[in-house]
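Since every read-out is calculated from the coordinates, none of them should be taken as a lab result. Every value quoted in this text rests on a predicted model; they were computed, and no experiment measured them. Heads up, the Cβs are rebuilt from the backbone with ideal geometry, glycines too, and the neighbour counts pull from every protein chain shown.
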Amino acid sequence: MAGDTPRSRKTRSTTRSAGQGAKSSKVSATSSRKTAVHAKAATTTPPASTTAKAKTASASKAKTTTSAPPRRASRAKAASPKAAAAKPLNLISPEARLARIPVTEVEPVFEDGLWPAKAVENESFPVRATVFREGHDALGAEVVLIDPQGKETMRSRMYDVAPGLDRLEAWIKPTGVGDWSFRVDTFCDPYQTWAKEASIKVQADQDVEMEFELGARLFERAAGGEAVNNPTQQAPDAKSAARLLDAAKAMRDQSRPVQERLSVGLHSSIRGIFRTHPLRDLLESSRTYPLRVDRERALYGSWYEIFPRSIGAYKDQEGHWHTGTLRTAAADLPRIAAMGFDVAYLTPVHPIGTTFRKGRNNSLEATPEDPGSPYGIGSPEGGHDAIHPDLGDFDDFDYFVKKAKGLGLEVALDLALQCSPDHPWVKNHPEWFKHRPDGTIAYAENPPKKYQDIYPLVFDQDYRGLYNAVRDVIQKWIDHGVTIFRVDNPHTKPVQFWQEILAEFRNKHPEVLFLAEAFTRPAMMRTLAQVGFHQSYTYFTWRNTRKEIEEYFDEVAWESSPYMRPSFWPTTHDILTQVMVDGGIQAFKMRAVLAATGSPNWGIYSGYELIENVQRPGFEEQIDNEKYEYKPRDYSGETAQEMMGLLTTLNGIRRRHPALQRLRNLKIHETTHPGVVCFSRHLDAWESPTGVADTVIVVVNLDPHDTAIGAIHLDLSALKISGSSSSCFKVRDELDGKVYDWGSANYFELNPYDRPAHIMSIEAS
């Protein structure tokens, strides 16, 4: 079965420390803590219905004794044996009691199973556990996947991925949305025990006939129906049963040579039967662990961000600005869809306050022509549940959503929980804000940034009232077709609030997704993801060197992947890094390739096509920032057309290759050049929606100025390519269509101006 294919990765044992800030930190949001597992609660006493599956389990249980009482108990009056048997000691809690074959350190498990691991429908992922037992008898372990209705849907055999450390792994794949669960079943594997011991004893001429008789009886048990596969619980078919009985007969036939009799019992056909239909003696189940499965867009998608007021805006002959609207913004949707994007992300569309309104480049003085920041939400025209009159009304918003959906685009809306001084909540609910000693309301600060036009919300004075108001806002936009919310600065609100409101909308609208825009400390980012955010912005924007990229890509693909789904953005309306300033169009190309292939979810901010890379002095953001002014753009020029072509190509590659639509399949490969990174993504046929294996190899020159020449050394086993290191296979560069013969070592020459990267797909042989 599909899950029986082992798929291993090196066990990680290093712990990285977190820096003080998102920009300067050289670690990721998740490296400060390994995947949380709690051995103390990894197993519980199994239910009787589970142990009853193995005929020998009840006998084993009868032989099991409880822990010895404390020494001082001998001073008390001795109880009769009958009384002692009637009242067994209960010195170990059910939660702490080990199974007959111990299971510890189960992954992925968070906060002792209080918070679920994450997956999307039809996404495979690994489950790991430490499984061991006393003595030398062989054991077996399987991961059992259980659907939201409580039905077992998949059972995947676990394989040793860390020899000597008893670390086992299996891959499972949920097939639908909902609250799933999984557990680990362990058992004694009598066939594997017999195969090992018989091989040794027959060679040593010890107890030969006894070993053959033991083997024959195992085969008869299996043929008689004790060995079953899962989840169908079917015994071996008639052909397999007959083969088992014939093997039993042959092993008892003393007229045959000893080695021939042994070979019969160890034949690959017999091993295959016991692999799919093992005898499960001493079968027990661990506790079940939660798994939340979301729709695919929670993991895979391409976002395009717009300020709708800029699209269609113009300055008249007298120098006065005229705003764009939701309908003029809708006119740009065909261009966005043609580039292959899946999500049209709107910055806030609400009324903007005038008190302390910011001018151009965050100036404290605004002119009558300055539209203000859309994040300064609220005016007499309304708050978070209203639309800025300049943009239109809800009929216009509905038109935008309908047109987007007709083009295959989902609409994401910025959810910025903050208010301008003119927001209706300020007057109607002063208890929702922080008041200073002089009676004024404190404005928002994120040192060194100050937001005089924004009042942050306070949740501790009327939590339920504020909660209900936010809930109603979210519901209103869902009613108007929004299916994704990009949440602005969620780390400045209580995590408890997010946990509750995300749970409510997951229950009412499981199709609605939430992206956390939290460039902050690792613990906060990790916990926001664990309590329910479907996606998270990341530190990708500040990872530039080969070492930084290799470590971070590996981390988000493996260490944090059970709970956090990354979203890679080369730039945002708040962030323009120095590498983009210095590198020009070459840097924009290079970072787009990295973002589009390094994460299944990525996005760009409009204007990326125009290489807008001039910083505001002293700040890591664009000058003439669109947050504070209209910014209409002309995409007809040569540079824009070139970049639009690249973005279209990248999104097309992502759609053609399901390996790029998954997160937990990345492998870093060695290169001889310090400025070149190479990684691959592979998807087995059983995991792929096409039913065909898919492999993509990405090679990127990180230097936007100089040509990089060198070689890459591929780990062919990670690519599932059999043969020697000299084996050749054909690869096709998805960026230009050229085909090459590659092997384990391959030459590259990457010019950042003409060819900054390879995105190679392995051609079918």
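Structural remarks
- Over 23 Å apart at the Cα level, from the set K118/K508; K427/K627; K358/K434; K358/K449; K118/K627; K402/K476, are K427/K627; K118/K627.
- Difference of contour (0.36 nm per residue) and Cα-Cα distance, Y753 to R732: 5.5 nm
- Centroid-to-centroid, using Cα positions, segment 561-576 and segment 305-359 are 23 Å apart.
- Its alpha carbons considered, segment 666-762 gives a radius of gyration followed by a Dmax of 13.5, 42 Å.
- For the pair R471 and D393, label points projected 7 Å from Cα toward Cβ lie 3.0 nm apart.
- Spin-label pair D253/R436, simplified geometry with 7 Å Cα→Cβ offset, distance in nm: 9.7 nm
- Modelled FRET efficiency - R0 30 Å, E511 with D462, Cβ distances, 0.05 increments: 0.50
- Taking 23 Å as the limit for the C-alpha separation, the pairs K196/K249; K173/K738; K493/K547 exceed it in the case of K173/K738; K493/K547.
- Averaging Cα coordinates gives a centre for segment 502-558 and one for segment 207-228; these two points are 52 Å apart.
- Within segment 250-382, antiparallel bridges make up roughly 50 percent of the DSSP beta bridges whose residues both belong there.
- For a label point 7 Å along the Cα-to-beta-carbon line of T707, residues of segment 742-765 with backbone N under 13 Å: 748-756
- Potential lengthening between N428 and E638 on full extension [0.36 nm per residue; Cα-Cα distance subtracted]: 70.4 nm
- Kirkwood hydrodynamic radius of the chain, Cα pairs, Å: 29.4 Å
- Kirkwood hydrodynamic radius of segment 190-279, Cα pairs, Å: 12.9 Å
- For segment 333-375, the equivalent ellipsoid built from the Cα gyration tensor has semi-axes of 31, 11, 8 Å, listed from largest to smallest.
- Taking the C-alpha atoms of segment 648-691, convex hull volume expressed per residue in Å³: 89 Å³
- As a proxy for reagent exposure, C678, C728 were ordered by neighbouring Cβ count within 10 angstrom, fewest first; the result is C728, C678.
- Mean Kyte hydropathy of 0.5 or more with a Cα span along the axis of at least 15 Å, helices from DSSP in the chain: 578-598
- Using the Cβ-Cβ distance between A204 and S263 with R0 = 25 Å, the FRET efficiency computed as 1/(1 + (r/R0)^6) comes to roughly 0.90.
- Label-to-label distance, nm, for residues given as Q233 and K196 (7 Å Cα→Cβ offset): 3.0 nm
- Packing-based exposure ordering (other Cβ within 10 Å, fewest first) of D395, D385, D554: D395, D385, D554
- Annotation for segment 114-212: trypsin sites (Lys or Arg not before Pro) lying in DSSP loop with at most 11 further Cβ atoms inside 10 Å of their Cβ are K151.
- For Y605, Y443, Y455, Y463, order by how many other beta-carbon atoms lie within 10 Å, fewest first: Y463, Y443, Y605, Y455
- Cα centroids of segment 617-637 and segment 694-765: 37 Å apart.
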